[in-house]
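Engineer: Here it is, the structure, as structure tokens.
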Amino acid sequence: MAYQNKDLLCYERFDRVIRGQIKRLITPELVEEHRRATVGAHSDALSRVVNYIRRAPLPGKFAVYAIKPFGPYRIIALSGVRGKRPEFVGEEEYATLDEIYHAIFLKRIENIK
């Protein structure tokens with residue numbers, strides 16, 4: 001594939017290396033640590049995973065949709081295209097922000113594996 005923008009080629013190579021490192025950090029213990037504390041201070045490994053997830057490109061990125069103020073909540077996927085509405089992901093509703101943050105985390109790490 002010929003790249004018109006060499007920056008994209010460099011980014012793809014960099015992301016491939018980082019993704020491999022992030023995959024090795026994901027363990028059942030790390031997932032449990034996130035479930036117990038979805039926000040706030042985390043271990044070095046969890047911080048690295050969360051930072052990798054946060055820098056994902058906007059199209060397809062998961063976000064929180066509040067059905068009513070303060071819950072319940074649903075997961076949406078952002079389109080990344082101005083004027084195009086986000087789409088709901090599944091039918092599940094979550095009672096708390098911690099529940100939905102962890103559900104989004106699980107979906108994101110599944111995409112990494």
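Engineer: Pop out the ³J(HN,Hα) list for the range 80-93 in order, Karplus 6.51 cos²θ - 1.76 cosθ + 1.60 with θ = phi - 60°, rounded to Hz; leave Gly and Pro as x.
Structural biologist: In residue order, the calculated couplings are x, 10, 4, x, 9, 5, x, 10, 5, 10, x, 10, 5, 10 Hz.
Engineer: Could you list the GluC sites (Glu not before Pro) in the range 7-113 that lie in coil according to DSSP, counting only those with at most 10 other Cβ atoms within 10 Å of their Cβ?
Structural biologist: Sparse-neighbourhood loop GluC sites (Glu not before Pro): Glu91.
Engineer: A further question follows. I need the trypsin sites (Lys or Arg not before Pro) found in the range 60-99, filtered to DSSP loop residues with at most 16 other beta carbons within 10 Å of theirs.
Structural biologist: Hits after loop and neighbour filter: Arg82, Lys84.
Engineer: How large is the charge dipole for the chain, taken about the Cα centre, if only the Cβ atoms of Lys, Arg (+1) and Asp, Glu (-1) carry charge, to the nearest 20 debye?
Structural biologist: Taking the Cα centre of the chain as origin, the dipole is about 520 debye.
Engineer: Could you estimate the translational diffusion coefficient of the range 48-113 from the Stokes-Einstein equation, with Rh from the Kirkwood formula over C-alpha pairs, at 20 °C and 1.002 mPa s, in whole µm²/s?
Structural biologist: Answer from the Stokes-Einstein relation: 173 µm²/s.
Engineer: Can you run phi through the Karplus equation (6.51, -1.76, 1.60; θ = phi - 60°) for the range 100-110 and list ³J(HN,Hα) in whole Hz, with x for Gly and Pro?
Structural biologist: Result, ordered by residue: 6, 4, 5, 4, 5, 4, 4, 5, 5, 6, 5 Hz.
Engineer: Same structure, new question: Grab the DSSP H runs of the chain that are 4 residues or longer, score each as -39,500 (n - 2.57), total them, divide by all residues and round the 222 nm result to the nearest 500 deg cm²/dmol.
Structural biologist: -16000 deg cm²/dmol
Engineer: Apply the Karplus curve 6.51 cos²θ - 1.76 cosθ + 1.60, θ = phi - 60°, to the phi angles in the range 31-46 and return the couplings in whole Hz, x for Gly and Pro.
Structural biologist: These are the phi-based 3J(HN,Hα) values: 5, 5, 4, 5, 4, 6, 9, 6, 10, x, 6, 10, 5, 4, 4, 5 Hz.
Engineer: How big is the convex hull of the Cα atoms of the range 5-44, per residue, in Å³?
Structural biologist: 90 Å³
Engineer: Please compute the volume of the convex hull spanned by the alpha-carbon atoms of the chain and report it per residue in Å³.
Structural biologist: 138 Å³
Engineer: Taking the simple approach of a point 7 Å from Cα along Cα-to-Cβ for both Asn111 and Ala41, what is their distance in nm?
Structural biologist: Taking the two extended label points, one gets 3.0 nm.
Engineer: For the range 1-70, which chymotrypsin sites (Phe, Trp or Tyr not before Pro) are both in a DSSP coil and crowded by at most 16 other Cβ atoms within 10 Å?
Structural biologist: Sparse-neighbourhood loop chymotrypsin sites (Phe, Trp or Tyr not before Pro): Tyr3, Phe70.
Taken together, the values in this text are just the output of simple stated rules run on the coordinates, not laboratory data. These figures come from a predicted structure and were not determined experimentally. Glycine also receives a Cβ, built like all others from the backbone with ideal geometry; neighbour counts cover every protein chain displayed.
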